[in-house]
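Take a look at the structure set out below.
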Amino acid sequence: IMYNGKQTIHEISDNNLQKPNIYNQYLPYYESIKQQSLESFDEICENLSRLIQLQELQPGFPLWSSKLQQFISLYGFSFTKINHIKLIEFYLSILSIKNLNYVNTKICFDMLTQLTRKTRLITRNDLIIDWRILYVWGKLVLFNHDESYSLVSMPKQIVNSFLFCVRSCRPYFSVTATQEILDEFRPCLCPFDTVCGDVMSYWDMFLPVHLPPELHHQGFKLWLSEFLDIWETVCNNPEWEQVS
């Protein structure tokens, strides 16, 4: 639960906040803005936590997620690292809900993109994201055949939201994620099968490529030579080679 009671302006200094909006400090009513931001954040966290306690996402989840987006737009990342991580874990937990509707799914994608886009604020030591949570949704969002038959309604731009989300979350995949992703898709790697294009798309999306130097042996060094061999061997310009 994120909500830990109300905080006062005296309990939290700017040094404890992740990255507040630096322009607010030049306003003549900066102190009142700080207090207002604390009260607003407390209200958002309290209501997001209540959604989990009541096990009821509608109508509060879209509403308070929208208010969190507005909060970040106005005040920046004006919350502590602990709360920052809890917010990310909150939206990941929502994505883990079975039969989550696509509207709420897109909200989670957008919020995770916004919360994880500044990698300097949260390190790999602070947060680990399970890539399989996003992989499950990748299959549903990218290769959903029901939409073409009007059996399911997908929000506009959900594909882009998903791709941006994966890109932002990828630096926080576990150390073993690269090997797990390779093991998951290698059995489908056949250049004479159309599924090979899907495999290349998944690898393009999920393989972590921003690991620190001390982890390179568990990153690109596991697949670079193999991929170059494939590129040199298969020279007929197949569809999967067009992945961008």
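Where a number appears in this text, it was derived from the coordinates with a stated rule and is not lab data. Just so you know, these numbers come straight off a predicted model, no measurement behind them. As a convention, Cβ positions derive from the backbone with ideal geometry for all residues, glycine included, and neighbour counts pool all protein chains shown.
Put simply, the amide H of PHE79, placed in the peptide plane, has neighbours under 5 Å in GLN18, LYS19, leaving out anything fewer than 5 places away on its chain.
When peptides 16-22, 135-141 are sorted by average Cβ neighbour count within 10 Å, with the highest value leading, the order is 135-141, 16-22.
Relative to the compact-globule scaling 2.2 N^0.38 Å, provide the ratio for the alpha-carbon radius of gyration of the range 175-244.
Values: Rg = 12.3 Å, N = 70, 2.2 N^0.38 = 11.1 Å.
So the Cα radius of gyration is 1.12 times the expected 2.2 N^0.38 Å.
What order, most packed first, do the peptides 118-127, 153-162 have when packing is the mean number of other Cβ atoms within 10 Å of each residue? Write out the running numbers ahead of the final one.
Numbers: 118-127: 13.4, 153-162: 15.6.
Ranking the peptides 118-127, 153-162 by packing returns 153-162, 118-127.
Annotation for the range 32-83: GluC sites (Glu not before Pro) lying in DSSP loop with at most 16 further Cβ atoms inside 10 Å of their Cβ are GLU56.
With neighbours defined as other Cβ atoms within 10 Å of a residue's Cβ, the residues CYS190, CYS169 order from fewest to most as CYS190, CYS169.
Only one of [x] 164; [y] 154; [z] 180 was calculated from the structure for volume of the Cα convex hull per residue in Å³, and its label is [y]. Using the rule -39500 (n - 2.57) for each DSSP H run of four or more residues, divided by the residues of the chain, the 222 nm mean residue ellipticity is -16500 deg cm²/dmol.
If you keep only loop residues by DSSP, which chymotrypsin sites (Phe, Trp or Tyr not before Pro) in the range 175-222 have at most 12 other Cβ atoms within 10 Å of their Cβ? Listed in order of number, the matching sites are PHE192.
With an 8 Å cut-off on Cα pairs and a minimum separation of 6 or more residues, tell me the relative contact order of the chain in percent.
On the way: 220 pairs, mean separation 38.9, N = 244.
Relative contact order for the chain comes out at 16 percent.
Within 10 Å of each candidate Cβ there may be at most 13 other Cβ atoms; applying that plus a DSSP loop requirement, which trypsin sites (Lys or Arg not before Pro) in the range 25-116 survive? Loop-located and lightly packed - LYS98.
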